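The block underneath contains the structure these notes are about, expressed in structure tokens.
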Amino acid sequence: MTGVSTVVVPAGGLGTRFLPATKALPKEMVPVGDRPAIQWGLEEAVASGIRRAVIITAPGKDLIKAHFSPDPELEAILVGRGSPELADRIHRIGRMCELEFVEQQQPLGLGHAVLCAADRLGGEEAVAVLLPDDLFWGTPPLLAQLIRAYTRERCTVLALRRCPRDQISRYGVAAVEGEGPVFHVSDVVEKPTPDEAPSDLALMGRYVLTQDVFRALSTTAPGALGEIQLTDAIRAVAGAGKVVGVEFTGDLLDVGTLDSWLATNAAIVWRDPDLGPALRSRIEELESTGE
């Protein structure tokens, strides 16, 4: 294969930052607007030309698979109640692309989650990776921007965004060369202090990974917390070969914490032509009453 047709979606995390809401509900199924976060991610992937998704789940996360499973009975009920358009939306959820599910038995890090998909990838020379904690808003889709860069460069591609120095320690940070928006990446530093950060370009939750990253992951030792870090494997490949980063256009909206999820919901609903007026009206009401 010469293109990128498969996306790996790690969705096996514990969701501890959303407890107690995520005690039984997978974090990836928390609604953002009118659909769960993970569906936003798959819609971006399909809009980027992806035809197949390998979703990495964990024990107890059956609701993710259930959400993407066909439900002709529900569709029939909706049609019978005069909601054929909603029935069609439900019908299309599980048919956006070919779906496979792989269970990660233990939460051993993002690198381990990605590696769990390795035996499902066959001879594909590169695959996309999408973290459902981040929702993309813009045109063209973020994964499409990375895939375009991969088509030119034929190497691992990272999504990069400039980050204020006082927030840089939350991210992996790329050491880069060139003028951009496509940079050569010579190194990746995981969560550096502001003084140690090699640039202000932080890694965001989208990647195109070539097979050399998977080979590096298979020999990457667990870190201090017993986790296999994806950035360690990318760093090894950057030091020995070619990795590029794309300073993408568009907005990436975080839903990884409760406060960021609330802010993202507000931003999405605010822009929605049907829901936005109701939200603005309620805010005006609260402001006028001082509640």
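Bear in mind that the values in this text are calculations on the coordinates, not laboratory data. Quick caveat, the model's predicted, so the values are computed rather than measured. In this analysis, Cβ positions are derived from the backbone assuming ideal geometry, glycine residues included, and neighbour counts consider all displayed protein chains.
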Protection proxy (average C-beta count within 10 Å per residue), highest first, orders 145-151, 239-245 as 145-151, 239-245
If you count, for each residue, the other Cβ atoms within 10 Å and average over each peptide, how do 129-135, 231-237 line up from highest to lowest? 129-135, 231-237
Can you tell me the length gained on complete extension of the stretch Lys65 to Leu258, counting 0.36 nm per residue apart and subtracting the Cα distance? 67.1 nm
In the range 6-256, what is the count of Lys pairs whose alpha carbons are under 27 Å apart, counting only pairs at least 8 residues apart or on separate chains? 6
With Cα coordinates, the longest principal axis of the chain makes an angle with the long axis of helix 142-153, in degrees rounded to 10, of 30
Sorted by Cβ neighbour density within 10 Å, fewest at the top, the residues Thr264, Thr193: Thr193, Thr264
Nearest 5 percent is fine: what portion of the DSSP beta bridges confined to the range 6-256 is antiparallel? 60
By how many degrees, 0 to 90 and rounded to 10, does the Cα axis of helix 258-271 deviate from the longest principal axis of the chain? 60
On a 0 to 90 degree scale, rounded to 10, what angle separates helix 84-93 from the longest Cα axis of the chain? 20
For Rg and Dmax of the Cα atoms in Å, which listed value, (i) 23.0, 77; (ii) 21.7, 69; (iii) 19.8, 62, comes from the coordinates shown? (iii)
Between Ile90 and Leu19, Cβ-based FRET efficiency (R0 35 Å, step 0.05) works out to 0.75
Express in nm, to one decimal, how much length is gained between Glu125 and Ile77 on full extension, taking 0.36 nm for each residue of separation and deducting their alpha carbon distance. 12.9 nm
Between the range 214-247 and the range 107-165, how far is it from one alpha carbon centroid to the other, in angstrom? 13
Efficiency of FRET between Asp187 and Asp272 - r from beta-carbon atoms, R0 30 angstrom, step 0.05: 0.15
Please compute the contact order of the chain in relative form: average sequence separation of alpha-carbon pairs under 8 Å and at least six residues apart, divided by the residue count, as a percent. 21
